[in-house]
Amino acid sequence: MMYALILTPAMAEQVRKAVKEHGEVVFDQAGKMDSLGIRNALQSAARVAADALILDIDAGPGPDLVAAVQGYRIARPYTRIFLLAPGRQPGDATVARLVGLGVYDIIDGPVEADWGDLVAQSLTNTPATYAQAARWHVMSGLTGEEQVKEKVVIEQRPVGVVTIAVAGAAPGLGCTHTALAISAFLARQGHNVVLVEDSQNPVMQDYLKIIKAGPGRVSKAWRIKGFDVFPFAKTEVDKFIEGDGNNFIFDELLPELSAGRYEYIVRDLGTADKKRTREAFRSNLAVLVASAARWRWGDLLKIEPLSSFRLALVAPAERDVKEIRKIPELKAYVMPNHPDPFCMPDEILTELLRPVLPHAREKKKPFWVRFRVATATPKRPPA
């Protein structure tokens, strides 16, 4: 396990010692920061592919900390966040807002507690659920008193921004084509969508100029077919090649992605290598564009773990699809050969994206209505 730490000096040493017994610290910053400092700290932490972030609530001012964590959540939606809340009680506004961002692992206790022990215990636990964090999730009522936040949910969707990563098992299989199709589909459903290009062979900038795309919702974005696009700037190609492969444009766009208030972020990752596979698994849904042809199965064997992807099989033969679907842990979906990504049939994309799509929940009738209907139904006389 790899950990990122943002702590106050008071508990830094205790927590570092506890964490090093469970894994590797890949980011470590300690201090009492101001608004700009906590924002920069979390943006820097988001550039590192940590499995968990341990964050001290006192490291920065409450409202600024919440805003910075929201940006971190956009960049790293799959990273587990442990919140250290010394001396805080249910009803604390900052903790409540962070729970609203999906931060459920709340470690609380008196300021003078042994925080190394508390953190060590939490690291061995399974990830907390909203049910465990619900006591912290409060809001001010009309009377000014603190009340438990309650809301009737008519449409269920994943909490926060949903990130969908699209990678190709090999070059030229249609990764960008599929990412465009997914973005256009979500935009047709009325969602606020952005596509971020992080491919090794970027093409979007030239394409957007050719079709004369308009300006997007926020700075640096272009707009086509009802969704925004952030192309991989040509000036960044050399930086990526010369770097260690971690220079993803996605990480550079945190302020813009936060300002756009997008519901869905689609990442075009290009051909899947080790670092891009790791990025894909930090999304809410990882899609691998692949060929079902037997002579291309070698491409799939390079991807680990393959079962964590949903396979989008491009124009496969029926026999090849049947063979791949015999492997029980694989989730394979057929993508027809459609030259226009903006007109891909909705039914196909609905099946592919079902885990991250909102779905209506039918309201149950009140008990007294069901009771009245039941008692009003006349019984048939015996024959």
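Can you say whether Ala46 is touching a residue at least 40 places away in the same chain (Cβ under 8 Å), open to solvent by less than 10 Å² (accessible area, probe 1.4 Å) and farther than 14 Å from Val15 by Cβ, as far as the supplied structure shows? Yes: the conditions hold for Ala46.
Here is a yes/no grid of residues against (1) open to solvent by less than 30 Å² (accessible area, probe 1.4 Å); (2) modelled with pLDDT under 90:
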site	(1), (2)
Asp117	no, no
Ala120	yes, no
Leu142	no, yes
Val153	no, yes
Arg157	no, yes
Gly160	no, yes
Ile164	yes, no
Ser183	yes, no
His191	yes, no
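So, Val48, is that one within 25 Å of the chain's Cα centre (by Cα), part of a loop (DSSP other than H, G, I, E, B), of a type in the set (Val, Ile, Thr) and closer than 23 Å to Phe281 by Cα or not? Answer is yes for this residue.
Here is the figure for region 60-103: residues that are surrounded by fewer than 21 Cβ atoms within 10 Å (Cβ to Cβ) and assigned to a loop (DSSP other than H, G, I, E, B) total 12.
Among the residues of region 286-299, not a single one is under 30 Å from Asp228 (Cβ atoms) and out of contact with any strand residue (DSSP E or B) (no Cβ under 8 Å at 6 or more places or on another chain).
Against the definition (of a type in the set (Ser, Thr, Tyr), farther than 18 Å from Tyr78 by Cα and open to solvent by less than 50 Å² (accessible area, probe 1.4 Å)), how does Ser291 come out, yes or no?
Working: of a type in the set (Ser, Thr, Tyr): yes; farther than 18 Å from Tyr78 by Cα: yes; open to solvent by less than 50 Å² (accessible area, probe 1.4 Å): yes.
Taking the combined requirement at face value, the residue satisfies it.
Restricting to region 308-320, give me the number of residues that are closer than 20 Å to Thr350 by Cα and open to solvent by 10 Å² or more (accessible area, probe 1.4 Å).
Narrowing region 308-320 to residues closer than 20 Å to Thr350 by Cα: 308-316.
Still in the list and also open to solvent by 10 Å² or more (accessible area, probe 1.4 Å): 308, 310, 314-316.
Number of matching residues: 5.
Considering only residues that are under 12 Å from Lys225 (Cα atoms) and either of a type in the set (Asp, Glu) or touching a Lys or Arg at 6+ places or on another chain (Cβ under 8 Å) (or both), which ones fall in region 196-214? Those that are under 12 Å from Lys225 (Cα atoms) and either of a type in the set (Asp, Glu) or touching a Lys or Arg at 6+ places or on another chain (Cβ under 8 Å) (or both): Ala213, Gly214. In region 260-276, the qualifying residues are those that are open to solvent by less than 10 Å² (accessible area, probe 1.4 Å) and among the small types (Gly, Ala, Ser), and the one that is farthest from the chain's Cα centre (by Cα) is Gly270.
Going residue by residue through region 123-135, is there one that turns out to be assigned to a helix (DSSP H, G or I), within 17 Å of Asp58 (Cβ to Cβ) and open to solvent by less than 60 Å² (accessible area, probe 1.4 Å)? The answer is no, given that none of the residues of region 123-135 is assigned to a helix (DSSP H, G or I), within 17 Å of Asp58 (Cβ to Cβ) and open to solvent by less than 60 Å² (accessible area, probe 1.4 Å).
Within region 12-27, residues that are open to solvent by 30 Å² or more (accessible area, probe 1.4 Å) and at pLDDT below 95 reach partners that are of a type in the set (Val, Ile, Thr) and part of a helix (DSSP H, G or I) with beta carbons closer than 8 Å, at six or more positions or on different chains, in the pairs Gln14/Val119; Val25/Val19.
From the list Lys234, Lys149, pick out the single residue that is within 30 Å of Asp92 (Cβ to Cβ) and modelled with pLDDT under 90. Talk me through it step by step, then tell me what you get.
Details: Lys234 fails: within 30 Å of Asp92 (Cβ to Cβ).
On inspection, the qualifying residue turns out to be Lys149.
The values are calculated or read from the model by the stated rules, or taken from the named source; none is laboratory data. Just so it is clear, the model here is predicted, and its values are computed rather than measured. Glycine also receives a Cβ, built like all others from the backbone with ideal geometry; neighbour counts cover every protein chain displayed. Keep in mind that these areas ignore ligands, DNA and RNA; they rest on the heavy atoms of the full protein, side chains included. Shrake-Rupley method; radii C 1.70, N 1.55, O 1.52, S 1.80 Å.
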